[in-house]
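> Below is the structure I would like to discuss, written out as structure tokens.
The values are calculated or read from the model by the stated rules, or taken from the named source; none is laboratory data. Remember, it's a predicted structure, so these values are computed and weren't measured experimentally. Neighbour counts run over all protein chains shown; Cβ positions are idealised from the backbone, glycine included. Areas reflect the complete protein model, heavy atoms only, side chains present, ligands, DNA and RNA absent. Shrake-Rupley method; radii C 1.70, N 1.55, O 1.52, S 1.80 Å.
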Amino acid sequence: MATERTLSIIKPDATKRNLTGKIVSKFEDAGLRVVASKRIHLSPAQAGAFYAEHAERPFYGELVDFMSSQPVVVQVLEGEGAILKNREVMGATDPAEAAAGTIRKDFAVSKGENSVHGSDSPESAAREIAFFFSGLELVG
Ligand code: DAT
Ligand code: MG
């Protein structure tokens with residue numbers, strides 16, 4: 001499998017509870033490497049643009065409010081099959097359905113406040129990485 005890069009966000013519920021380090025450890029333990037990282041506080045407009053694909057979903061307003069409520073940590077993770085591997089480490093969207101040992105099983109509060117975002121395809125990863133980082137900020 002090829003080396004890939006994927007976009008991760010440690011969400012407001014997790015930064016608020018000081019879980020950033022514990023979550024990064026789960027990425028590193030799975031063989032993912034942090035090649036870019038920054039802590040930012042998204043505006044509602046920025047959060048809305050990032051999640052534009054969900055604009056018609058009933059939870060969109062709640063999602064935008066949540067993602068702009070507190071700082072987040074956005075990161076680029078690199079590794080073999082990084083996109084799928086990150087999704088595995090994250091666990092299912094709903095923590096009640098997430099497998100043991102996943103980030104969402106261990107840390108998520110609810111389906112909405114579920115601690116992490118991860119790109120779901122190569123196309124999403126390319127778009128989402130470019131949304132937050134310039135090429136100069138990716139240091140492998
Ligand atoms: P994922 O983050 O696992 O890729 P998604 O892309 O379907 O899930 O949805 C994006 C985020 O929107 C998700 O992490 C949390 C929120 N969300 C999804 N479904 C929801 C629901 N039924 N109620 C509340 N929030 C929801
Ligand atoms: Mg998604």
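> Sorted by accessible area (1.4 Å probe), largest first, how do V109, V89, V116 line up?
V109, V89, V116
> Same structure, new question: Relative contact order of segment 3-137: what whole-number percent is it, with Cα pairs under 8 angstrom and at least 6 residues apart?
38
> Using a simple spin-label model with points 7 Å from Cα along the Cα→Cβ vector, what separation in nm is obtained for S121 and A30?
So the two model labels end up 2.0 nm from each other.
> Please check which bits of segment 99-140 a label hung off K16 would reach, taking the label as a point 7 Å along Cα-to-C-beta and the cut-off as backbone N under 20 Å.
103-118
> Right, next: Report the charge-dipole magnitude of segment 39-140 in Debye, nearest 20, computed about the Cα centre from +1 at each Lys and Arg Cβ and -1 at each Asp and Glu Cβ.
160
> Compute log10 of I(q)/I(0) for the chain with the Debye formula, placing one identical point scatterer on every Cα and leaving out solvent, at q = 0.10, 0.13, 0.20, 0.22 Å⁻¹, to two decimals.
For the chain, the Cα-only Debye profile gives -0.29, -0.50, -1.30, -1.58.
> Right, another one. Just the accessible area for M67, please: 1.4 Å probe, Å², rounded to the nearest 10?
Here the residue's solvent-accessible area equals roughly 0 Å².
> I would also like to ask the following. Roughly how much of I40 is accessible, in Å² to the nearest 10, using a 1.4 Å probe?
Rounded to the nearest 10, the figure is 50 Å².
> With contacts defined as alpha carbon pairs under 8 Å and 6 or more residues apart, what's the relative contact order of segment 35-82 in percent?
So the answer I get is 62 percent.
> Efficiency by 1/(1 + (r/R0)^6): what FRET value for A2 and Y60, r their Cβ-Cβ distance, R0 = 22 Å, to the nearest 0.05?
With R0 = 22 Å, the Cβ-Cβ based efficiency is 0.10.
> Please list S69, S119 in order of solvent-accessible area, largest first, computed with a 1.4 Å probe with all protein chains present.
S69, S119
> Given the rule -39500 (n - 2.57) for each run of at least 4 DSSP H residues, summed and divided by the residues of the chain, what is its mean residue ellipticity at 222 nm, to the nearest 500 deg cm²/dmol?
-10500 deg cm²/dmol
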